[in-house]
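Remarks on the structure that follows.
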Amino acid sequence: MQQFEQFLTAKKAENQYRTLPELVHQGKYVEQGGRRMLNLSGNDYLGLANQAGLRHAFFANYGDQLPACTASSSRLLTGNFPIYHQLEALLAERFGRQSALIFNSGYHANIGILPALADRQTLIVADKLVHASLIDGIRLSRATFLRYRHNDYAHLADILANNAAHFARIILVTESVFSMDGDVADLPTLVRFKRQYPQILLYVDEAHAVGIYGETGLGMAEQMGCVAEIDLLVGTFGKALASVGAYLVCDQLIKDYLINTMRPLIFSTALPPLNVAWTHFLFEQLPHFKAQRQHLAGLSGILRQAVAERQPHSNQSHIVPYLLGDNQTTVEKARQLQALGYYCLPIRPPTVPQGTSRIRFSLTADLSEAELTALIDCL
């Protein structure tokens, strides 16, 4: 117990001690300790979670015959409901792929897919800044693992040239929109590596892109025209799609293999059918949220320009990091902004590298330009 206490004392001294916030949600605002603040730290990118009209329309479809509130079992036992197949069929149709598979969360997907597909003859090569869930999945796989410098494709080319001959399978892993830096992977370049090395499987996590990018909201893979070339296309429903869970779009062979080998799928109680039905309802309408995507793109451009005038950065998305460097300065700035009515949180190591503590502005489509301008004045 003394060891745990010493650890927490050290975290407090380093300004890295974390607690669970007590928040009351009021649409695009949160209330904490009697203070009402504009929420700039959530992931409701399209503002769908705050639209009461969508909820009313969804419940009106069912009346008194709502889907079950629990699956009560793994999908491989008694927890497989028709709505799961309907959602997977809708995903496969929209992405133009053979099949799709849904999971309880993005974390479940990322810690389950890689260990299921990798073996001792597999090399996993990942961008240096992929999400912690992907790192955990890579570690669980026990495959040989190498990292390339963030978005440095010359470095990636060297790694592949030096190692490809020694492995039967290579899984190349990246995010499309990176969750802490808000910059974007060059997916067509990664596709070219896949064509060069036939043993490569390309794994792309679109958690922070699906819903927001692409003509119909299918993500950066749609926007960059390479959905068909990505072997393992992962996304979440818990951010822009205002629900819960995650998905994989892939070939039928991969889906069948994962159903037989992926431990988080086999040994987890399935998502509640009510939530899956809500996801299906929203995903059906995803192409029609173009106005929200355009508004969010406009807001993002304004904030990126304002931050770039203060610090150069390669950000390209709706996630805009405001780098402050050390932990104490970042914590104090976040407190100042909260006092002014903006719920902005400090992001510190180990979530980001030492010396890169930041405030991560996470924009949503239900913000107004006037509200964003007022925030910029406070920077």
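Of all residues in segment 51-61, none satisfies being modelled with pLDDT of 95 or more and within 21 Å of the chain's Cα centre (by Cα). For segment 287-306, does any single residue satisfy the condition of being within 25 Å of Tyr107 (Cβ to Cβ), surrounded by fewer than 23 Cβ atoms within 10 Å (Cβ to Cβ) and at pLDDT 95 or above? Taking every residue of segment 287-306 in turn, none turns out to be within 25 Å of Tyr107 (Cβ to Cβ), surrounded by fewer than 23 Cβ atoms within 10 Å (Cβ to Cβ) and at pLDDT 95 or above.
Candidates Gly47, Gly42: the one that is surrounded by 15 or more Cβ atoms within 10 Å (Cβ to Cβ), in contact (Cβ under 8 Å) with a residue 12 or more places away in the chain and touching a helix residue (DSSP H, G or I) at 6+ places or on another chain (Cβ under 7 Å) is Gly47.
Residues checked against (1) of a type in the set (S, T, N, Q); (2) surrounded by fewer than 22 Cβ atoms within 10 Å (Cβ to Cβ); (3) assigned by the TED database to the domain that holds Gly219; (4) over 25 Å from Asp181 (Cα atoms):
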site	(1), (2), (3), (4)
Leu76	no, yes, yes, yes
Leu90	no, yes, yes, yes
Gly106	no, no, yes, no
Gly137	no, no, yes, no
Leu140	no, yes, yes, yes
Thr144	yes, yes, yes, yes
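Between Ile113, Ile124, which is open to solvent by less than 20 Å² (accessible area, probe 1.4 Å), in contact with a helix residue (DSSP H, G or I) (Cβ under 6 Å, 6 or more places away or on another chain) and on the phi < 0 side of the Ramachandran plot? Sole residue among the options that is open to solvent by less than 20 Å² (accessible area, probe 1.4 Å), in contact with a helix residue (DSSP H, G or I) (Cβ under 6 Å, 6 or more places away or on another chain) and on the phi < 0 side of the Ramachandran plot: Ile124. Highlighted here are the helices (runs of 4 or more DSSP H) found entirely within segment 161-270 that include at least 1 residues which are in contact with a strand residue (DSSP E or B) (Cβ under 9 Å, 6 or more places away or on another chain) and open to solvent by less than 10 Å² (accessible area, probe 1.4 Å): 187-196, 220-223, 252-261. Looking across segment 350-372, just one residue is open to solvent by 60 Å² or more (accessible area, probe 1.4 Å), farther than 28 Å from Val130 by Cβ and either touching a residue at least 24 places away in the same chain (Cβ under 8 Å) or part of a strand (DSSP E or B) (or both), and that is Glu369.
Pro312 passes every criterion in (1) of a type outside the set (A, V, I, L, M); (2) without any contact (Cβ under 8 Å) to a residue 12 or more places away in the chain; (3) surrounded by 17 or more Cβ atoms within 10 Å (Cβ to Cβ) apart from (3).
Given the structure, is Leu114 touching a residue at least 40 places away in the same chain (Cβ under 8 Å) and within 22 Å of the chain's Cα centre (by Cα)? Judged against the criteria, Leu114 is a match.
The values are calculated or read from the model by the stated rules, or taken from the named source; none is laboratory data. Owing to the predicted nature of the structure, the values given are computational and were not obtained by experimental measurement. Cβ atoms come from the backbone with ideal geometry, glycine included; neighbour counts cover every protein chain shown. Remember, those area values only see protein heavy atoms, side chains included, never the ligands or the DNA or RNA. Shrake-Rupley method; radii C 1.70, N 1.55, O 1.52, S 1.80 Å.
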